[in-house]
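Step one of this worksheet: look at the structure below.
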Amino acid sequence: MSAQPLTLRVDKLACERGHRRLFSNVSFDLSAGQWLHLEGDNGVGKTSLLRIVCGLSPAHEGQVLWGGRAVREVANEFRSHLLYLGHGLSLKEELSALENLQADAAVAGRALSAAQAMAALAQQGLKGREHLPLRVLSQGQKRRTALARLQAGNASLWVLDEPFVALDARAVEALRQVLSQHVAQGGMVLYTSHQPVPLDGSGHAYRLQR
Amino acid sequence: MSAFVAVMRRDLLLALRRKTEVLTGVFFFVVVASLFPLAIGPEMKILRLVAPGILWVGALLASMLALGRLFEADYRDGTLEQMALSPHGLGGLVMAKILAHWLLSGLPLVCLAPVLGLQFDLAPEALGILTLTLLMGTPILSCVGAIGAALTLGVRGGGVLLSLLVLPLFVPVLVFGAGAVEAQAGGLGAQAHLSILMAMLLPAAFFSPWACTVALRIALE
């Protein structure tokens, strides 16, 4: 994907919400061509950890390193490699899937032609629904629209919060393939999931505990 | 640049698809400006005297109506997170949002003001000055209001807090905006008032995206 080997290192992160410590001393490495499945019970702080990794929330202790340098120092470079998919799908109900995808790509700084966007939507099984406003689509189809972003971009680090939620069995398998392929091509996937969906290729699970 | 255009385009497109939100503010302005002449009666002298104040207060309240929605939907559906993670930087994208907001909530008022001003028997020069002050003043309302909207984002009962926060800051704009028409009518000329309005607009436009960015990042934490 990129010339220099990319690495994400999470170093002794700790997170506090209010006066409650969610987790502390969380460390792991993620290199190009690897995936990491973040496990943990509800409320243990998986989403908080992902948001800290992305730079949306500050870490209470510890730091996140990208290519050996603190993410805060190389924020714009890091962000151009990053694709984050959180609980909010960042979709507008009044816009069509195609318009959503194109606006999103522009914000993320990626060139995306209409043909590329159509192809990405077709891969998610949304062929023929590209121009419908999102509010008439089902919950699963909306999620697929958001997931089409994965194929429509060229980010190397995918940070996905519960990507398998609300998908049917076939879509789960299709998404698993997409993620595995990304890893096989030298990408990185950091994801949370309550379903045991291991990806192909090298990677491991990390259990988040209090 | 493409991200700036995309954000603005998306906001304009959204407004086009749910017209009622934009029309609420415009309709409010028209109703306020039309009811006053009916209530005051056909006393031309009084109407001419109160016209700038009424039109300006109407425009100010109408643009405040739209402020609460500036970042609210984007905050709730995660769009704001994506904007914060954009390699283009949040500041430019926020500027695009403010510009789109002004085009939707400020510009229609500027265009309607000369027509509504006729109900108050305003002279053509006075109408011209009034429109000009609104053209310079409504962007200030959008810029300053955006800071308030960003600060009160995600706060329960944020609407009231937003009004309390931005209304005192809107007062100078109101004073000099409405005052310009009076000064013109009194033979003093509106030059000084217009200069002061411009002196408020420039720093507001320059610092507002930066201040919004800081406030939005805190809201996202």
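Readers should treat all values here as calculations from the given coordinates under stated rules, not as data from a laboratory. Computed from a predicted structure; not experimentally measured. Cβ atoms come from the backbone with ideal geometry, glycine included; neighbour counts cover every protein chain shown.
When A:Gly128 is tested against (1) free of Cβ contacts under 8 Å to residues at least 40 places away in the same chain; (2) within 8 Å of chain B (Cβ to nearest Cβ), only condition (2) is not met. Against the test of being under 24 Å from B:His101 (Cα atoms), crowded, with 21+ Cβ neighbours inside 10 Å and in contact with a helix residue (DSSP H, G or I) (Cβ under 6 Å, 6 or more places away or on another chain), the options B:Leu162, B:Leu201 yield a single qualifying residue, B:Leu162.
Take A:Ala120 and tell me if it is within 18 Å of the chain's Cα centre (by Cα), within 12 Å of chain B (Cβ to nearest Cβ) and not charged (D, E, K, R).
No, not satisfied.
Going through (1) within 13 Å of chain B (Cβ to nearest Cβ); (2) touching an Asp or Glu at 6+ places or on another chain (Cβ under 7 Å); (3) buried (at least 16 other Cβ atoms within 10 Å of the Cβ); (4) touching a residue at least 40 places away in the same chain (Cβ under 8 Å) one by one, A:Gly62 falls short only on (1). Just to be sure, is B:Ala84 within 23 Å of the chain's Cα centre (by Cα) and among the aliphatic types (A, V, I, L, M)? The answer is no for B:Ala84.
Name every residue in region A:23-59 that is in contact with a helix residue (DSSP H, G or I) (Cβ under 9 Å, 6 or more places away or on another chain), in a loop (DSSP other than H, G, I, E, B) and free of Cβ contacts under 8 Å to residues at least 60 places away in the same chain, in order of residue number. Matches in region A:23-59: A:Gly55, A:Leu56, A:Ser57, A:Pro58, A:Ala59.
Residues that are surrounded by 14 or more Cβ atoms within 10 Å (Cβ to Cβ), within 13 Å of another protein chain (Cβ to nearest Cβ) and in contact with a Gly (Cβ under 7 Å, 6 or more places away or on another chain) number at least 1 in the following helices (runs of 4 or more DSSP H) confined to region B:1-87: B:2-17, B:69-77, B:79-84. Run down A:Ala115, A:Ala171, A:Ala146, A:Ala119 and say which single residue is crowded, with 21+ Cβ neighbours inside 10 Å and of a type outside the set (Lys, Arg). The conditions single out A:Ala146. Within this structure, A:Ser96 fails the test of being within 13 Å of chain B (Cβ to nearest Cβ), buried (at least 16 other Cβ atoms within 10 Å of the Cβ), within 19 Å of the chain's Cα centre (by Cα) and not β-branched (Val, Ile, Thr). Counting only residues that are more than 21 Å from B:Val171 (Cα to Cα) and away from chain A (no Cβ under 12 Å), region B:95-107 holds 5 of them.
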